[in-house]
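The structure appears below as structure tokens.
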Amino acid sequence: MSIKTILVPINGTESSRSALDTAFMVGQDLAAHVDVLHVVPEPKDAIPLLGEGMSAAIIEDMIQLAEAEASERTGRAEAMFEEARNSHGLAISQKASPGKAGSTALVRCVGREDELTAAKGRLADLIVASRPTEESEATVAMTINAALFETGRPVLVAPPRTSQKIGKKIAVLWNGSAEASRAVAAAMPLITRCDKVIIMTAENDKTSSAVAPELATYFAWHGVRAETRTLPGRSQVGEVLLEDCTVVGVDMLVMGAYTHSRMRQLILGGVTKHVLANAQLPTLMAH
């Protein structure tokens, strides 16, 4: 599958700047079109239990406050878009015109960011989303979950700080699962262009490092030479994985998302949960 259309939601806060830069970097590299989605919340949605115990005057004041805040955030999102677009040299295009250069457009909608990301993400080749942090709003986590679980599309999770380079040296966490396979298939346009690929496996009761050579053979059919690497044997695979990515100096990670029960991972922890909470490099995931 080629990557010709990219969707990236931005909310006008600093947490979305890295996702925007990441999307533009990939779009520029692959000559893809980047739709930058800014969702303006419905003012009444910002008021819980509208009308219960509130006077008409109070409700009106709260709606006006919500509208003012939304307008300010939209202004910041538009400024962020223009600054990043000029920095990466992407032209604005409102219609399909595949070519040798990437393009972009700012898409403004009213509603809920997670719902609109899910709806519009189903018609994108790749979704780029901000990684949730302790400081980010709850809507950031809701949006990334919608992208992962409700679109059927791969999601490139951008770290809090913009990476200087993306996709030159790629690590693939491989366990032979359907989710990992889907992530690899989605990442092939980047994998076939990169300088180096490292297949990482964890030797434990669920995965054998013997699956790595099979993926290396698959890559070879696509003209890609890959190294294999077994992660050090510790129980916390997510922690070891990110440490090893730092050691070998990769600038992108490819992995399946929630390859085990999502509920089990949310309660007990898991590789996906750890990476979504701690990764400092762009991570392409698929569920």
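Coordinate-derived values only; no laboratory data. Keep in mind that what you see is a predicted model, and the values were worked out from it rather than measured. All Cβ positions, even for glycine, are placed from backbone atoms using ideal geometry, and neighbour counts span all protein chains on display.
Some observations on this one:
- Taking every DSSP helix (H) stretch of at least 4 residues in the chain, weighting each as -39,500 (n - 2.57) and dividing the sum by the residue count yields a mean residue ellipticity at 222 nm of -13500 deg cm²/dmol.
- Measuring against 18 Å, Cα to Cα, the residue pairs LYS4/LYS120; LYS168/LYS196; LYS120/LYS169 contain LYS120/LYS169 as the ones spanning a longer distance.
- Net charge dipole size for the chain [Lys, Arg +1 and Asp, Glu -1 on Cβ; Debye, nearest 20]: 1260
- Within the chain, longest stretch free of exposed GluC sites (Glu not before Pro) [DSSP loop, at most 15 other beta carbons within 10 Å]: 204-287
- Sparse packing (at most 11 other Cβ atoms within 10 Å of the Cβ) combined with a DSSP loop state is found for the following trypsin sites (Lys or Arg not before Pro) in segment 129-200: ARG161, LYS165.
- ALA31 long-range amide H proximity, modeled H, under 5 Å: GLY102
- Modelled spin labels at GLU115 and GLU69, positioned 7 Å past Cα toward Cβ, are 1.9 nm from each other.
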